[in-house]
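Remarks on the structure that follows.
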Amino acid sequence: MPRPPGLTPDTHAQIVQGLRLGMKRHEAAAAVGISQRTLYVWIARGRAALEQEERLVEDNPEVDLSDVEDPEFIYREFYLAVIQADAGYKRSLVATVTRAAVGAPAEFDDAGNMVREEVKADPKVALEMLARRDPREWGRTNRLPAEYAAQADDEEQGGTDPDAELVSLRSMAFELLERVEEKRNQREAAGMDPTG
């Protein structure tokens, strides 16, 4: 199997552009013929180079970084660009969803032409945003679905319900899935393989 090409400016730009469009990291890499493993090696090298630079500045605040030869420069720049592209894409999605949740007036250009229609606030979108941002307080997993609430009340009052254990297990499963997704997002944000 041929060895993949190194991190070139073109490869850097194409991967970052894919991330800005919303592709996942491994998808953006695959689109330019780079394996997921290679991508994460590049990201790890960039993160390590950045951490080394930070330690150098911490140890010697007067150091002029332009005088320091850095063979890992391209990986550090790539790592920073990947982080910024991921964050920029997420920011644009949050702005779009927030606009749907809280509403926004119509927007017009200087000539008076409407460039964006008015968006009415949607409380369902707002509630979903709250649930995703703070699932312990607003998420559905903290509350039993309405059809099970009466069963749970019966159980608390001494009644027996064979489905109560199932309801509890279902709730725990949803909680566990949320924790797995949170860990996966943390690993990806840290430049690690999210599936590892």
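Just so it is clear, none of the values below were taken in a lab; they were calculated from the coordinates. All figures in this text were calculated on a predicted structure; none of them were measured in a lab. Cβ sites come from the backbone with ideal geometry, for glycine too, and all protein chains shown count toward neighbours.
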Check: Counting only residues that are in a loop (DSSP other than H, G, I, E, B) and aliphatic (A, V, I, L, M), which one in the stretch 168-193 is surrounded by the fewest Cβ atoms within 10 Å (Cβ to Cβ)?
Finding: ALA190
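Could you grab me the full set of residues in the stretch 1-26 that are assigned to a helix (DSSP H, G or I) and surrounded by 14 or more Cβ atoms within 10 Å (Cβ to Cβ)? Break it down into steps so the answer makes sense when it comes.
Step one: list which residues in the stretch 1-26 are assigned to a helix (DSSP H, G or I), which gives 9-20, 25-26.
Correct list: THR11, HIS12, GLN14, ILE15, VAL16, GLN17, GLY18, LEU19, ARG20, ARG25, HIS26.
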Note to self: Restricting to the stretch 119-134, and then to whatever is among the aliphatic types (A, V, I, L, M) and farther than 9 Å from ALA100 by Cα, can you tell me which residue is farthest from the chain's Cα centre (by Cα)?
What the structure shows: LEU127
